[in-house]
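Quick notes on the structure that follows.
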Amino acid sequence: MKIIVTGGAGFIGSAVCRLLISETEHSVVNVDALTYAANLASLKPIEADARYTFVHADICDRAAMDAVFAAHKPDAVMHLAAESHVDRSITGSGAFVQTNIIGTFTLLEATRAYWTALPAPAKAAFRFLHVSTDEVYGSLGPTGFFREDTPYDPSSPYSASKAASDHLAMAWHRTYGLPVLISNCSNNYGPYHFPEKLIPLIILNALDSKPLPVYGDGSNVRDWLYVEDHARALLAITQKGRPGQTYNVGARAERTNLDVVHRICDALDRLRPAAAPRRSLITYVADRPGHDHRYAIDPAKLESEIGWQPRVDFEQGIERTVAWYLDNPEWWQPLRAKVYGGERLGLVKG
C-alpha cells in the first residue's frame, strides 16, 4: 500500500513511519506541518529510503491536502497529526481546536473527495484510520476499564478537542460511507518522545540534577503503552479493522505517576550512577487543573478481532527508554536548549 501518515514527524507518527519502512513493503507519505513538537531527526533512520516521502503541509490547508492526494494517490490514511499536550491546552486551547477539530474536518473532506472518485475496487479497499486517545473517556474510579462503548466525558481542552474529532470521523463514516476506523490509546512512551511529557521530562531533569516534578501526591494512574507496540497496533487496525469500528489500544500496564518516576530514577541510578539517589530529587507540585485520576484500557476487542498483543512490558520499556536517552543526547539536547527547557506548563493564573 501507499499510506499517508499525518503528523509523521511527531512522537507516535515517526514510530509509525519507521515501522512501515523498516518492517513492511508499504510506501509512506509523511505529511507534517512541523510545529514545535515535530522533529525530522526522528526520521533519520528512514529518510533516504525510496519508499519514504516527506511533505511539509498543514492539515488545515484544504488546497495542500487536495494536492497531496492528487500527487500520491494513497490506499490509506493514518491520521495522527494533533496538538497533544494537556498542559499546553489549558493555557492555549485555540491551537487544539484549530488542529484537532478544524484540521480533522479538513482532512476528512479532502479524503472524501479523493475516495469518492476512486474506482470501485480501490474505493472498497481504502481505509482512513483516525488515531485518538483514551482521555476522551474522562476519569475512572479505582476499578473498571475503558471499553469501546464507554461514554465520552472529556475533562481538558485537549481531550475535548480529540472527542470532537472522533465524532467527526465517525459521522463521516455514517453519513458518507467513508471507511473510517478509530483507535483510542493509553499513554505512550519510548524513544524520540518530546521532553514536555512525563517520562522524558523526568529522565532529562534527573540527568541534570534538577527537581523531578510530581503533580499532587503522585497517585494518578495511567496505563502505559510502548510506542513501537502502538505503531504495530495501528498498522494491524488499518489492515484488519472493520470500518465504522473503534479499537482501544492498551498494554494492561497501570502505574501511578509516582511509581513511574521511581522506576526512572532507579534505572538511571543503575545505568549512570550519581552522587545521590535520583529519588531525592522528587518534588511534589500543585496538581494540574482538571487532572483525571485514573485511566485504564480494556484491549480485549483489539486482541480478539485483530490478534494484536504488546511485545514490550513496562519494566523492559522503561529500561529501553532510559537507555535510549542516555545514548542519544544529539537528539534531545537541541530541544532542551532551544524549544523546551523543562519549565512548568499548564498553570491557570488569575
- request: Search the stretch 146-171 for residues that are farther than 14 Å from Val97 by Cα and modelled with pLDDT of 95 or more and pair each with any residue that is basic (Lys, Arg) and surrounded by fewer than 19 Cβ atoms within 10 Å (Cβ to Cβ) when their beta-carbon atoms are under 7 Å apart and the residues are at least 6 apart or on different chains.
  value: Glu148/Lys301
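Here is a yes/no grid of residues against (1) under 14 Å from the mean Cα position of the chain (by Cα); (2) assigned to a helix (DSSP H, G or I); (3) touching a residue at least 40 places away in the same chain (Cβ under 8 Å); (4) buried (at least 24 other Cβ atoms within 10 Å of the Cβ):
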| site | (1), (2), (3), (4) |
| --- | --- |
| Glu196 | yes, no, yes, no |
| Ser209 | no, no, yes, no |
| Asp217 | no, no, yes, no |
| Asp223 | yes, no, yes, yes |
query: Of the residues that sit in the stretch 6-26 and are among the hydrophobic types (A, V, I, L, M, F, W, C) and touching a Ser or Thr at 6+ places or on another chain (Cβ under 9 Å), which one is farthest from Asp229 (Cα to Cα)?
result: Ala9
message: Quick check on the stretch 112-155: of everything there that is polar (S, T, N, Q) and surrounded by fewer than 20 Cβ atoms within 10 Å (Cβ to Cβ), which residue is farthest from the chain's Cα centre (by Cα)?
response: Thr116
query: Among the residues of the stretch 89-100, is any out of contact with any helix residue (DSSP H, G or I) (no Cβ under 8 Å at 6 or more places or on another chain), over 29 Å from His291 (Cα atoms) and without any contact (Cβ under 8 Å) to a residue 24 or more places away in the chain?
result: no
query: Any residue at all in the stretch 241-251 that is aromatic (Phe, Trp, Tyr) and within 16 Å of the chain's Cα centre (by Cα)?
result: yes
- prompt: Of (1) surrounded by fewer than 19 Cβ atoms within 10 Å (Cβ to Cβ); (2) of a type in the set (A, V, I, L, M, F, W, C); (3) under 30 Å from Gly141 (Cα atoms), Leu302 satisfies all except one. Which?
  reply: (1)
query: Considering only helices (runs of 4 or more DSSP H) fully contained in the stretch 49-147, which possess at least 3 residues that are touching a Lys or Arg at 6+ places or on another chain (Cβ under 7 Å)?
result: 104-116
field: Residues that are part of a loop (DSSP other than H, G, I, E, B) and among the hydrophobic types (A, V, I, L, M, F, W, C), drawn from the stretch 149-181
entry: Leu178
Output for the stretch 332-345, where each listed residue is surrounded by fewer than 17 Cβ atoms within 10 Å (Cβ to Cβ) and assigned to a helix (DSSP H, G or I): Gln333, Pro334, Ala337, Lys338
- prompt: Just checking, which of Leu234, Leu258, Leu268 is in a helix (DSSP H, G or I) and either closer than 17 Å to Ala323 by Cβ or among the polar types (S, T, N, Q) (or both)?
  reply: Leu268
query: Which of the residues that make up the stretch 308-330 are more than 16 Å from Asn205 (Cβ to Cβ), under 19 Å from the mean Cα position of the chain (by Cα) and assigned to a helix (DSSP H, G or I)?
result: Phe314, Gly317, Arg320, Trp324
query: Are any of the residues in the stretch 268-290 touching a Lys or Arg at 6+ places or on another chain (Cβ under 9 Å), without any contact (Cβ under 8 Å) to a residue 24 or more places away in the chain and surrounded by fewer than 16 Cβ atoms within 10 Å (Cβ to Cβ)?
result: yes
query: Somewhere in the stretch 126-141, is a residue under 18 Å from Ile102 (Cβ atoms), in contact with a His (Cβ under 6 Å, 6 or more places away or on another chain) and without any contact (Cβ under 8 Å) to a residue 60 or more places away in the chain?
result: yes
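The values are calculated or read from the model by the stated rules, or taken from the named source; none is laboratory data. As the structure is a prediction and not an experimental result, all values here were calculated from the model. A quick note on method: Cβ atoms are made from the backbone with ideal geometry, for glycine too, and the neighbour counts reach across all protein chains shown.
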